1. Can you find a residue that is within 14 Å of the ligand (Cβ to nearest atom) and more than 20 Å from residue 43 (Cβ to Cβ) anywhere in the range 387-404?
2. May I ask you to list the residues in the range 88-109 that are in contact with a strand residue (DSSP E or B) (Cβ under 6 Å, 6 or more places away or on another chain) and either in a loop (DSSP other than H, G, I, E, B) or under 10 Å from residue 47 (Cα atoms) (or both)?
3. May I ask you to list the residues in the range 19-43 that are in a loop (DSSP other than H, G, I, E, B) and more than 10 Å from the ligand (Cβ to nearest atom)?
4. Would you check if there is a residue in the range 111-131 being within 12 Å of the ligand (Cβ to nearest atom), in contact (Cβ under 8 Å) with a residue 40 or more places away in the chain, farther than 10 Å from residue 48 by Cα and in a helix (DSSP H, G or I)?
5. Filter the range 399-426 for residues that are surrounded by 15 or more Cβ atoms within 10 Å (Cβ to Cβ) and in a loop (DSSP other than H, G, I, E, B) and give the result.
6. Can you pull out every residue in the range 44-79 that is more than 20 Å from the chain's Cα centre (by Cα), part of a loop (DSSP other than H, G, I, E, B) and within 16 Å of the ligand (Cβ to nearest atom)?
7. Do the conditions hold for residue 16, that is, is it in the same structural domain as residue 125 (by TED's automatic domain parsing), near the ligand (Cβ under 6 Å from one of its atoms) and in a loop (DSSP other than H, G, I, E, B)?
8. Here are 375, 444, 426, 464: which of them is within 21 Å of residue 227 (Cβ to Cβ) and not assigned by TED's automatic domain parsing to the domain that holds residue 22?
Ligand SMILES: Cc1cc2nc3c(=O)[nH]c(=O)nc-3n(C[C@H](O)[C@H](O)[C@H](O)COP(=O)(O)OP(=O)(O)OC[C@H]3O[C@@H](n4cnc5c(N)ncnc54)[C@H](O)[C@@H]3O)c2cc1C
């Protein structure tokens, strides 16, 4: 593959693909995914995208206010302004590209309500909005002559060259290199650093680990969102999400005694922001000494539920639960990362020519807690902005001049021992879940430092397992370093 591109985009989620489609036809682009292109968190998105498309009963200022409230006012207001004012046009662009958002009989896009939103503003495609979007984006990008696709290819290194980058890629057990003038990291989240997560298998924080190694600023990695209502099946590591929209449509949350309790913790009840509902469940769990919780939406018409939530209906049926008749067992799990590679309003990282967009980035939009359905919007808006900025620079003649390529890494080495990833996952699950356990921080930090050191110092065979273990260790360590520093400074964790 030893070729040179104007832009290499790592990631085929919404951020990577939508970004790729913003460039003009003269820009030659490589888009890389470490598994098949559709496997991403984007494809899993259910609820939809938040955007103010109808100003008769809504306003971007209200969307901003809801985002600030959910984020505990720790957001970057300028980033939110960009999000809420520019985002609607990006959503309409998706529709132009062929994404079939649900509409009423007059063709008007339907909007639903989700937790934390003061208006109905979530547009959706049934309950598999993410797949509806990524299918179209993948098909559109694959038709473009200026975009090359490489799937099942794992980026394991990014090295700054004179005026660009060389990326190391592992594909089919072989190592190759590709050069580029600009690089956009759109590598998604970190869910796999937890034992239970809603995230897909690709979510191992590779882009964040690569950026950190290059010296890019990483911010607020400990701002992690736990979704209150993932389907509670002990045998699944990737937990299936029972979307906020189910509560938006009226589902109630019950404890092990069949009692509603969400209003005991917050006046917004089941529709309070995710962190509030997750906290309520954990506190109620301590109170009842039980981890058995349920969502109940059986008072709605079965035909409505089957039509509105076809995927959730089918997935629950696979687990023996008929949501039209049965209560759905739920419990919180890791869902989203608010922090990440720090970027400015044009998605520029602290390293010249390196950009980041989507869940791996930190724009400041989400603050301490993401408002539901704001992340697909963020991925669209800021990946477009990254592309715009790069094209401006290229038009000014700022093409990259690459020096000599670094020596190719040899894939040979000693095999990685089993159990490392499991150990990292159980460390974070034990000490930094919904309600942190600071008393476990010192030992957890020490062990993560040992694991990280070993993974860096030992000449392990270059496999995807090893590369991802290294990313997980770097991410977990950064999270614990951050919370330990906060603890030492007497700040709220
Ligand atoms: C179950 C679920 C439901 C959700 N529902 C919603 C919702 O309704 N609304 C909403 O706004 N948000 C939702 N989210 C969040 C949202 O889907 C994600 O935040 C967003 O899609 C992230 O997009 P992304 O492009 O940044 O990353 P992803 O879509 O995760 O894509 C990451 C890409 O990076 C590639 N990659 C990673 N590392 C490497 C590497 N080392 N080498 C090569 N390629 C690499 C992967 O292969 C993948 O292609 C949901 C998330 C989940 C998990």
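1. There is at least one residue in the range 387-404 that is within 14 Å of the ligand (Cβ to nearest atom) and more than 20 Å from residue 43 (Cβ to Cβ).
2. 101
3. To start, the set of residues in the range 19-43 that are in a loop (DSSP other than H, G, I, E, B) comprises 21-28, 33-40.
Passing the criteria: 21, 22, 23, 24, 25, 26, 27, 28.
4. yes
5. Passing the criteria: 400, 402, 405, 416.
6. 52, 53
7. Values: in the same structural domain as residue 125 (by TED's automatic domain parsing): yes; near the ligand (Cβ under 6 Å from one of its atoms): yes; in a loop (DSSP other than H, G, I, E, B): no.
When the stated conditions are applied, residue 16 does not pass them.
8. Exactly one residue qualifies, and that residue is 426.
The values are calculated or read from the model by the stated rules, or taken from the named source; none is laboratory data. Fair warning: this is a prediction, and the values are worked out from it, not measured in the lab. Because the Cβ atoms are built from the backbone with ideal geometry, glycine has one as well, and the counts that use them run over all protein chains shown.
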